[in-house]
Amino acid sequence: MTERLFEGADWDFHTLQRITDACEEVALKDLGLDVYPNQIEVITAEQMLDAYSSVGMPLFYKHWSFGKHFAYHEASYRKGLMGLAYEIVINSSPCISYLMEENTATMQTLVIAHAAFGHNHFFKNNYLFKQWTDAEGILDYLDFAKNYVMQCEERYGRIEVERTLDAAHALMSHGIDRYPGKKQLDLREEEKRAGRRRQHEEEVFNDLWRTVPKGASKARTAISLERRRKLLGLPQENLLYFLEKSAPRLAPWQRELLRIVRHIAQYFYPQSQTKVMNEGTATYVHYRIMTALHQQGRITDGNFLEFLGSHTNVVFQPEFDDQRFSGFNPYALGFAMMQDIERIVTNPEDEDREWFPDIAGKNDVMGVLRDVWANYRDESFIGQFLSPKLMRHFRMFHLHDDPEERAGIRVDAIHDERGFRRVRRELARQHDVGFIDANIEVVDVDLSGDRRLILHHRVIKGSQLNETDTKRVLQHLADLWTYDVALIEVDANDKVLREYVVSPRPIPAAVA
Amino acid sequence: MAIHIIDRRLNPGGKSLENRQRFLRRAKSLVQGAVKKTSQERDIKDVLEGGEVTIPLDGMHEPRFRREGGTRDMVLPGNKKFIEGDYLQRQGQGSAKDSGPGEGDSEDAFRFVLSRDEFVDLFLDDLELPDLAKRRIAQTESEGIQRAGYTTSGSPANISVSRTVKLALARRIALKRPSKDEVEELEAAIAASTDEDERAELLARLERLKAKTKRIPFIDPLDIRYRRYEKVPRPVAQAVMFCLMDVSGSMSEHMKDLAKRFYMLLYVFLKRRYKHVEIVFIRHTDRAEEVDEQTFFYGPASGGTLVSSALQAMHEIVRERFNPSDWNIYAAQASDGDNSYSDGELTGLLLTDKILPVCQFFAYLEVGESGGSAFDLSDSSLWTLYERLRNSGAPLSMRKVSERSEIFPVFHDLFQRRETAQEKAAP
């Protein structure tokens with residue numbers, strides 16, 4: 001039983017197999033995890049950099065910005081400014097985890113436990129991922145996207161494709177549906193439909209129709225504002241979707257490119273909402289698995305110490321006045337919260353019984369955690385489960401910075417009886433993507449009039465858009481829309497704070 | 001549940017090469033600017049190693065809707081002494097700047113490592129050789145043919161007999177094919193045999209041997225090897241660069257250094273354009289000699305100055321080794337401009353009659369001391385002479401240089417694209 005998985009730091013593929021089997025046993029039997037089939041791939045540092053620059057995906061369409069990111073990462077890696085992640089894991093089925101060949105045997109065990117079981121379980125069970133991503137279809141879809149972009153480049157030229165993709169990328173963070181729609185995303189079906197659409201367009205194309213004389217245009221009664229907005233599905237916060245469906249002069253392939261970028265943005269949307277939970281889950285799982293392996297005597301004390309070293313680095317939380325501080329470390333916060341839930345479930349204090357009557361003393365740690373992992377995202381997770389004990393442990397405090405306030409930045413709440421709920425609410429809010437991203441919507445367009453597209457940015461707490469960037473993004477937007485675009489910043493009382501108007505750049509004749 | 005463990009390390013790397021090239025294409029002007037700036041600060045030798053450049057990312061910025069300003073709320077860890085209602089000083093944003101990680105300021109500029117080729121390409125991208133007449137030849141290459149081992153298929157004319165026989169022999173030994181001697185021996189034994197039984201046995205053995213011999217042929221199609229030929233590109237035209245340097249006592253180390261930098265640039269530049277570039281180093285005082293690079297730049301020499309000696313030497317070398325119809329000939333002469341008075345006429349004659357007619361380009365670089373105050377006073381004797389020649393239409397380019405940082409601009413000036421170069425060459 002107590003046969004060691006490996007000795008020292010070296011590993012080979014048999015070792016990896018043994019490690020994976022051992023981890024799997026703990027993960028499935030002890031922790032009761034439910035995972036996609038695993039696929040583990042060993043890669044080099046350079047390949048890891050490659051994967052970095054294409055948002056961690058093994059295949060992606062070609063675009064200069066990935067080259068930029070590669071150069072950027074590579075330069076900082078070479079200068080030692082940045083270590084490489086130990087692993088990258090992909091939300092797909094089978095769930096693909098990349099391990100770096102440089103890792104020691106202990107690190108490989110850690111990474112397998114972390115990625116192949118922790119993240120994997122989270123991807124498969126969290127409601128956001130279930131709702132918004134299609135693990136079976138993603139790799140095929142990316143393959144389709146890659147080929148489609150390539151074909152477009154052959155047909156319409158690299159520059160044209162690049163222009164469309166640049167514009168789509170600029171709007172990517174506003175190409176997301178935030179609320180679940182009618183049906184779940186099925187990327188395979190999406191890919192097939194894209195093919196059928198193209199085929200249909202080609203089949204029904206008949207140049208003769210262009211020459212058919214048009215009848216006298218129907219007298220258009222001015223439709224009411226309400227009706228017009230309803231017809232266009234306004235207001236619409238998914239700018240990419242709106243353009244794809246309603247931009248008057250886009251070529252079909254351009255719409256398809258927008259759709260691709262939109263689907264990819266949507267695919268990553270759950271990840272941005274669950275950083276703390278996702279990393280917390282994976283870290284908690286690797287910690288449990290490593291501890292179990294150590295207790296079983298399958299890894300040595302030395303290896304376990306090595307593991308503890310890396311683990312401690314990962315969950316280190318610098319304090320606000322520390323040079324290394326750059327916000328809350330999702331690993332630290334997530335892991336601490338998972339452990340804290342374990343404590344509350346198994347060994348609660350009076351305070352915990354008061355704050356968490358549902359779970360305190362319930363004793364079924366994994367049952368509670370699996371339920372939490374399945375049904376929350378960062379914002380609701382923190383809002384629900386951050387305990388006073390943890391707030392005291394991190395010595396959290398809430399600052400309110402009002403530029404108008406002369407005296408400085410006010411300490412609004414600290415980790416005391418009066419402050420717990422406020423600190424917790426505020427921290428939860430900071431993890432709400434709906435709150436982090438600017439609230440921008442298409443509110444109106446007059447398709448029979450001047451076709452100007454009107455967007456609103458609802459300004460919250462006086463935080464307006466960065467001017468340079470906004471002009472550039474709007475330029476991209478106007479180029480796709482091909483008519484003027486206006487962005488109006490309004491505050492909560494509908495008072496106009498600022499207005500941008502951008503006209504499209506002339507398009508080369510070839511595209512139109 | 002079966003878990004797949006896959007080794008991807010052998011997969012072709014450089015997946016992002018294509019993306020990198022796209023990025024470079026897009027950032028070309030930015031990178032080019034950075035490359036030029038970098039190359040002025042560095043030794044040319046280092047320039048050729050490629051390396052780091054810093055480019056502003058702003059030009060490559062990918063815009064997003066970003067919010068800024070307004071009132072901000074943040075929850076931070078590590079409270080030590082504050083209580084509710086305290087105020088923190090806002091000075092320098094020191095304590096609270098990190099509320100929004102990823103605000104993008106870190107990407108203002110970044111260092112970017114270019115490979116040697118990328119670097120030199122960008123470095124020389126907008127330069128062109130002055131005389132294009134022969135360059136066109138240089139771009140078309142003829143294909144030569146080269147032996148490249150053996151192959152198992154080919155035309156009968158290419159059968160390699162020795163290799164085939166060797167392989168056949170190896171096969172026969174390996175499969176124990178009976179040798180001729182063995183058979184003859186056995187036949188002799190049969191002839192000599194008197195005993196019927198023994199004879200029958202021997203005959204049977206002979207039969208087996210013969211059968212085996214048939215099964216294992218002397219030459220099998222498997223043994224046959226053909227000579228393989230490969231096409232290799234052979235450049236039709238080549239380039240030779242003559243470095244003529246005055247090493248008389250008046251040339252200081254600084255001046256030699258300037259000259260060396262210029263030659264290096266020229267060398268790299270030619271190397272880009274031609275498969276084969278040769279360099280001939282000629283140094284001269286009052287007499288000239290062909291030397292190696294080390295001696296050229298660092299060997300001590302001293303004496304009077306006779307420029308014509310170098311030109312004469314160059315002329316002889318061209319006549320012996322570099323037929324002008326096959327070679328693109330370039331010359332760069334560096335000097336502080338002093339020449340003995342009596343030598344002027346000979347120098348002029350050599351240039352107009354012998355040197356300039358065979359040269360694509362002749363660059364004269366007058367080097368001066370750092371600071372170069374005496375430089376502006378009056379033109380040197382050589383400068384005056386060359387200027388006269390140039391005014392009468394000789395394809396000569398001349399520049400004065402006194403600082404390291406001027407080398408590249410001067411070089412750039414001399415070799416920049418044709419249209420503008422012509423304007424400058426004929427002031």
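The values are calculated or read from the model by the stated rules, or taken from the named source; none is laboratory data. Here the structure is a predicted model, which means the values were calculated and not measured. Positions of Cβ are backbone-derived with ideal geometry, glycine not excepted, and every protein chain shown enters the neighbour counts. These area figures cover heavy atoms from the full protein model, side chains too; ligands, DNA and RNA do not enter into them. Shrake-Rupley method; radii C 1.70, N 1.55, O 1.52, S 1.80 Å.
A compact table of results
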item: Among (1) open to solvent by 20 Å² or more (accessible area, probe 1.4 Å); (2) farther than 30 Å from A:Val161 by Cα; (3) not in a helix (DSSP H, G or I) - the single one A:Pro248 does not satisfy; result: (2)
item: Qualifying residue in the range B:280-298 (condition: among the hydroxyl-bearing types (Ser, Thr, Tyr) and open to solvent by 70 Å² or more (accessible area, probe 1.4 Å)); result: yes
item: Restricting the range A:59-78 to residues that are open to solvent by less than 10 Å² (accessible area, probe 1.4 Å) and of a type in the set (Ser, Thr, Tyr), the residue that is farthest from the other protein chains (Cβ to nearest Cβ); result: A:Tyr61
item: All positions within the range A:170-183 that are modelled with pLDDT under 80 and either within 14 Å of chain B (Cβ to nearest Cβ) or in contact with a helix residue (DSSP H, G or I) (Cβ under 7 Å, 6 or more places away or on another chain) (or both); result: A:Arg178, A:Pro180
item: Options A:Ala167, A:Ala116: the member that is of a type in the set (A, V, I, L, M, F, W, C), within 14 Å of chain B (Cβ to nearest Cβ), under 30 Å from A:Asp12 (Cα atoms) and open to solvent by less than 30 Å² (accessible area, probe 1.4 Å); result: A:Ala116
item: Residues located in the range A:279-298, provided they are open to solvent by 10 Å² or more (accessible area, probe 1.4 Å) and of a type outside the set (A, V, I, L, M, F, W, C); result: A:Glu279, A:Tyr287, A:Arg288, A:Thr291, A:His294, A:Gln295, A:Gln296, A:Gly297, A:Arg298
item: Selection count, the range A:19-58, where residues are open to solvent by 30 Å² or more (accessible area, probe 1.4 Å), touching a residue at least 40 places away in the same chain (Cβ under 8 Å), at negative phi and more than 9 Å from chain B (Cβ to nearest Cβ); result: 3
item: Residues of the range A:299-357 classified as open to solvent by 50 Å² or more (accessible area, probe 1.4 Å) and within 14 Å of chain B (Cβ to nearest Cβ), total; result: 7
item: Sole exception among (1) open to solvent by 80 Å² or more (accessible area, probe 1.4 Å); (2) at pLDDT below 70 for B:Asp131, by number; result: (1)
item: Every pair of residues 6+ apart whose Cβ atoms lie under 9 Å, when the first sits in the range A:353-374 and is free of Cβ contacts under 8 Å to residues at least 24 places away in the same chain and part of a loop (DSSP other than H, G, I, E, B) while the second is open to solvent by 30 Å² or more (accessible area, probe 1.4 Å) and not charged (D, E, K, R); result: A:Gly361/A:Thr346; A:Gly361/A:Asn347; A:Lys362/A:Thr346; A:Asn363/A:Thr346
item: First in the range B:211-224 and under 13 Å from B:Ala168 (Cα atoms) and in contact (Cβ under 8 Å) with a residue 40 or more places away in the chain, second anywhere and open to solvent by less than 100 Å² (accessible area, probe 1.4 Å) and hydrophobic (A, V, I, L, M, F, W, C), Cβ under 7 Å, 6 or more apart; result: B:Ile216/B:Leu175; B:Phe218/B:Ala168; B:Ile219/B:Ala168; B:Asp220/B:Ala168; B:Asp223/B:Leu167; B:Asp223/B:Ala168; B:Ile224/B:Ile159
item: Of all residues making up the range B:387-409, the number that are within 14 Å of B:Phe361 (Cβ to Cβ) and either of a type outside the set (S, T, N, Q) or in contact with a Gly (Cβ under 7 Å, 6 or more places away or on another chain) (or both); result: 6
item: Residue within the range B:99-106 that is surrounded by 14 or more Cβ atoms within 10 Å (Cβ to Cβ), facing chain A (nearest Cβ under 7 Å) and modelled with pLDDT under 85 present; result: no
item: The one condition in (1) modelled with pLDDT of 90 or more; (2) crowded, with 18+ Cβ neighbours inside 10 Å that A:Glu237 fails to fulfil; result: (1)
item: Residues of the range A:413-422 satisfying the condition of being in a strand (DSSP E or B) and either more than 8 Å from chain B (Cβ to nearest Cβ) or not small (Gly, Ala, Ser) (or both); result: A:Ile414
item: Residue identified as among the charged types (D, E, K, R), within 8 Å of chain B (Cβ to nearest Cβ) and open to solvent by 60 Å² or more (accessible area, probe 1.4 Å) among A:Arg410, A:Arg425; result: A:Arg410
item: Subset tally (residues that are within 11 Å of another protein chain (Cβ to nearest Cβ) and surrounded by fewer than 19 Cβ atoms within 10 Å (Cβ to Cβ)) for the range A:1-17; result: 5
item: Options A:Asp437, A:Asp446, A:Asp479: the member that is within 10 Å of chain B (Cβ to nearest Cβ), among the acidic types (Asp, Glu) and open to solvent by less than 60 Å² (accessible area, probe 1.4 Å); result: A:Asp437
item: Residue in the range B:41-50 that is open to solvent by 80 Å² or more (accessible area, probe 1.4 Å), within 14 Å of chain A (Cβ to nearest Cβ) and modelled with pLDDT under 75 present; result: no
item: Residues of the range B:266-309 satisfying the condition of being under 20 Å from the mean Cα position of the chain (by Cα), of a type outside the set (Phe, Trp, Tyr) and part of a helix (DSSP H, G or I); result: B:Leu266, B:Val268, B:Leu270, B:Lys271, B:Arg272, B:Arg273, B:Glu293
item: Top-ranked residue of the range B:259-313 - restricted to ones that are modelled with pLDDT of 80 or more and in contact with a Lys or Arg (Cβ under 6 Å, 6 or more places away or on another chain), ranked as nearest to B:Phe408 (Cα to Cα); result: B:Val291
